[in-house]
1. On the given criteria, is Thr67 modelled with pLDDT of 95 or more, of a type in the set (Val, Ile, Thr) and touching a Cys at 6+ places or on another chain (Cβ under 9 Å)?
2. Cβ contacts < 9 Å: first residue more than 23 Å from Leu91 (Cβ to Cβ), restricted to segment 1-28; second residue modelled with pLDDT under 90 and among the aliphatic types (A, V, I, L, M), any location; separation 6+ or different chain. Result?
3. Just for segment 143-175: of the residues that are touching a strand residue (DSSP E or B) at 6+ places or on another chain (Cβ under 6 Å) and hydrophobic (A, V, I, L, M, F, W, C), which one is surrounded by the fewest Cβ atoms within 10 Å (Cβ to Cβ)?
4. Test each condition in (1) in contact (Cβ under 8 Å) with a residue 60 or more places away in the chain; (2) buried (at least 17 other Cβ atoms within 10 Å of the Cβ) for Lys102 and report the one that comes out false.
5. Does Met28 satisfy the criteria of being under 30 Å from Asn234 (Cα atoms) and part of a helix (DSSP H, G or I)?
6. Residue under question is Leu91, and the condition is that it be within 27 Å of Pro205 (Cβ to Cβ) and either among the hydrophobic types (A, V, I, L, M, F, W, C) or free of Cβ contacts under 8 Å to residues at least 40 places away in the same chain (or both); does it hold?
7. Starting from segment 44-66, keep only residues that are at positive phi and surrounded by 24 or more Cβ atoms within 10 Å (Cβ to Cβ), then list their pairs with residues that are charged (D, E, K, R) and not in a strand (DSSP E or B) whose Cβ atoms are within a distance under 7 Å, requiring at least 6 positions of separation or different chains.
8. Only one residue in Ser119, Ser127, Ser133 is within 19 Å of Lys255 (Cα to Cα), small (Gly, Ala, Ser) and not in a strand (DSSP E or B), so which one is that?
Amino acid sequence: MKADFDQAAKNYDTHFTYSEIGKLQRKMVYANLQNKLKNLNKLLEINCGTGEDAIWLAKQGFEVTATDISEEMIAVAQTKSSGENPNFKVLDINKILEESEKFDTIFSNFGGLNCLTKSELELFLNSAKEVLSDNGKICLVIMPKNTLWEPLYFLLKLDFQNAFRRKKEVVYANVEGEKVATYYYNPKDIVHLCQINFEIVDAKPIGFFIPPSYLEPFFKNKKSVLYSLYVLENKIKNWSFLSKFADHYIITLQKK
């Protein structure tokens with residue numbers, strides 16, 4: 001996995017972070033986080049990629065430790081930041097217990113956890129409890145199984161083989177020419193895996209109307225259409241039942 005995302009680091013910001021779709025989806029995530037992270041201080045980000053979220057969180061006043069398994073992703077992130085906050089470091093998600101300090105919040109954005117098998121995800125959620133302070137929270141942005149955008153996109157292309165690929169146990173996504181094993185989880189799957197240690201606060205859709213990033217070429221010159229979809233997204237942003245039908249969803253869990 002490390003090599004896969006090392007390969008993607010160079011072009012990740014161009015292809016997603018600074019894309020019109022990427023900026024709108026990230027804007028929805030940030031609006032949700034601002035309501036969830038009040039009165040919290042220390043935050044651990046996993047799968048931080050090129051550091052865009054970590055830098056934003058640091059600017060909001062959080063003390064951020066941002067980690068990624070990819071040395072190249074961390075290298076790009078460090079070029080964006082000056083000073084000690086965020087503290088960027090290379091760390092395998094499966095080794096978060098190596099973190100000796102406690103955090104108020106653990107955050108992962110845009111499907112980083114979709115690279116974990118069910119057993120690995122369960123291990124992560126169990127480990128997360130140990131590095132969280134009392135009443136700590138986890139905020140995770142995950143790709144669900146039932147998104148409506150993907151079947152529509154592939155059916156219009158008459159690509160029936162991929163139209164319902166998220167229903168499969170594993171999908172091999174193309175990341176800069178590398179095949180990366182990807183697993184999809186609906187909100188209830190996450191709740192089931194962590195119900196002993198966590199209780200769900202809520203789950204909200206991210207990208208029910210805003211399209212997936214791979215449609216950026218189509219929408220790049222249709223900003224008025226994209227903005228209209230963003231307006232619609234804001235109208236349904238609190239409709240939890242749409243979470244499993246969006247491109248992503250953000251689920252917030254609180255330590256028991």
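The values are calculated or read from the model by the stated rules, or taken from the named source; none is laboratory data. Given the structure is predicted, the values throughout are model-derived calculations rather than measurements. In this analysis, Cβ positions are derived from the backbone assuming ideal geometry, glycine residues included, and neighbour counts consider all displayed protein chains.
1. Yes.
2. Hits for this filter: His15/Ala8.
3. Selected residue: Val170.
4. Result: Lys102 passes all but (2).
5. Considered against the rule, which asks whether it is under 30 Å from Asn234 (Cα atoms) and part of a helix (DSSP H, G or I), Met28 comes out as yes.
6. For Leu91, the condition - within 27 Å of Pro205 (Cβ to Cβ) and either among the hydrophobic types (A, V, I, L, M, F, W, C) or free of Cβ contacts under 8 Å to residues at least 40 places away in the same chain (or both) - is not met.
7. Gly51/Lys80
8. The match here is Ser127.
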